[in-house]
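Taking it in order: structure first as structure tokens, then the write-up.
Quick note: the coordinates plus some simple rules give every number you see, no bench work behind them. Since we're looking at a predicted model, the values are computed, not measured. We place every Cβ from the backbone using ideal geometry, glycine too, and count neighbours over all the protein chains shown.
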Amino acid sequence: MSNQIITLADTAAMTAILDSGDRAGAYLYYYNLIRDVDRAAADQILMQMQITTYSGFFGGAALIGNSIAKDSNPDLYPPTLDIFSEEILRGLILTIEAAVEDPDHSGVLSASEIRDADRSVWEAMQMEQYFPGNIQFPYSDSVFYSEGTMTAMLAGLQLTFGSRVGNRAEHFTGSGYVVDDATDYLLIRNADGIIVYVEDKLGLVDDATNGMHENPGQVVLTAGMDALASIARIALAFPKLALGVSAGLLSAFIGAVSVIQSNDAAAQAAGVGIGKLLSSVTDEIEYDATAAALFKKYVGADGVSADPNATLPEQFVWDDFGIILRSQGSFIADDDPDIIIGFNDSVNHAGSGEDILVGFGQSSNHGGAGSDWLFAKDAPALAA
């Protein structure tokens with residue numbers, strides 16, 4: 001006896017909505033079919049509705065993560081993120097169709113099947129290591145400990161401690177916009193009926209950030225170390241560590257102030273993080289329209305054409321402390337403590353201060369005169 005819930009007529013309807021230019025609308029169609037069947041899967045779809053419309057935290061994270069992916073894979077990345085988002089959704093629809101044609105499948109994909117479908121599109125483009133969604137695969141070391149997870153964490157740091165770049169509801173007001181305020185989401189459609197903004201009411205962002213996104217100052221004080229500790233957690237799995245930094249020391253670093261204080265970059269980043277946590281009780285993280293426009297222009301998102309002359313911001317800034325991103329060329333840090341994330345084939349040198357260098361791909365990272373921490377994955381060159 002068939003347990004089919006989704007039909008090929010449903011996938012055809014999703015395709016028709018997508019063809020009309022309404023990516024979020026196609027997701028919404030599927031969401032309404034599965035919301036009372038598999039809540040975890042429905043939450044994953046609701047999250048992706050926010051991603052595909054560049055809305056809020058999830059949409060901002062997608063802009064940042066995809067910008068880093070494009071910067072590190074310029075010859076592989078699609079012409080625009082809008083096109084890429086469409087291809088990911090078409091891949092999901094094909095996966096749903098395959099499930100519908102399986103007599104033992106209801107057509108309701110699980111949350112993990114949805115994530116697998118998304119990642120398969122990145123795999124087809126040979127960029128799976130840079131998929132920001134790799135952060136949702138903690139059960140797979142080969143997937144989780146990757147450039148994509150780092151980009152997602154960097155995006156989270158910027159959006160929690162720096163500035164926000166995802167679309168906000170107030171951007172879509174006035175004549176022609178229609179608000180659909182439902183129990184579990186708020187949608188805004190433009191004059192053509194296309195969904196341009198999505199906001200869930202289920203606390204999905206707080207679930208993803210352990211509550212630090214909306215109320216970081218109310219999280220226990222030890223969470224003040226979490227931003228920097230995220231880097232250390234990935235470094236724990238790196239096969240090659242320099243300067244004799246042991247796994248035991250790194251474990252202590254995650255929770256021990258004394259270890260963090262042994263490196264100026266670590267101490268300053270932790271201090272800024274704690275300061276932001278405390279100040280966030282009264283100060284809201286602001287939306288940065290300039291940064292948002294820059295990311296959209298760089299990657300080609302939200303109807304903005306990709307500018308071939310645009311460049312990725314070199315730093316993600318928490319107040320006056322920056323995380324430096326390098327995917328190509330040679331970089332030498334200055335006298336100040338820095339956290340330098342090297343992707344692709346960049347060559348990075350610590351300055352005279354005490355720095356942290358994290359390397360992915362074939363990036364080459366070199367310590368300087370200070371007491372630097374160097375972490376590497378995929379065996380890029382490290383030198384003290």
Report task. Treating only the Cβ atoms of Lys and Arg (+1) and Asp and Glu (-1) as charged, compute the dipole magnitude of segment 8-209 about its Cα centre; round to the nearest 20 debye. Result -> 600
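Rank these for me by crowding, Thr151, Thr173, going from fewest to most other beta carbons within 10 Å. Show your work: numbers first, answer last.
Details: Thr151 28, Thr173 10.
Taking fewest neighbouring Cβ atoms as first place, the list is Thr173, Thr151.
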Query raised in the report: Given a Förster distance of 30 angstrom, what is the FRET efficiency for Lys201 paired with Asn3, based on the Cβ-Cβ distance and rounded to 0.05?
Result: 0.50
Query raised in the report: Which of the aspartates and glutamates could be linked to Lys296 by a straight reach, that is with a Cα gap under 19 Å, when you skip same-chain ones fewer than 8 residues away?
Result: Asp22, Asp71, Asp75, Asp82, Glu86, Glu87, Glu170, Glu286, Asp288, Asp307, Glu314
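Stretched out fully, how many nm does the piece from Asp104 to Leu186 gain, at 0.36 nm a residue minus the Cα gap?
Values: separation 82, 0.36 × 82 = 29.52 nm, distance 3.45 nm.
Using 0.36 nm per residue and subtracting the Cα-Cα distance, I get 26.1 nm.
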Report task. Hey, can you grab everything whose amide H is under 5 Å from the amide H of Trp373? Only 5+ residues off in sequence or another chain; H modelled, so Pro and N-termini drop out. Result -> Asp355, Ile356, Leu357
Query raised in the report: When the dipole is taken about the Cα centre of segment 26-86, and only Lys, Arg (+1) and Asp, Glu (-1) are charged at their Cβ, what size is it in debye, to the nearest 20?
Result: 120
**Report entry** Dipole-positive endmost among Ile135, Ala117, Val165 within segment 8-209 (Cβ charges, Cα centre)
**Finding:** Val165
Query raised in the report: Where nothing but the Cβ of Lys and Arg (+1) and of Asp and Glu (-1) is charged, how large is the charge dipole of segment 51-97 around its Cα centre, in debye to the nearest 20?
Result: 120
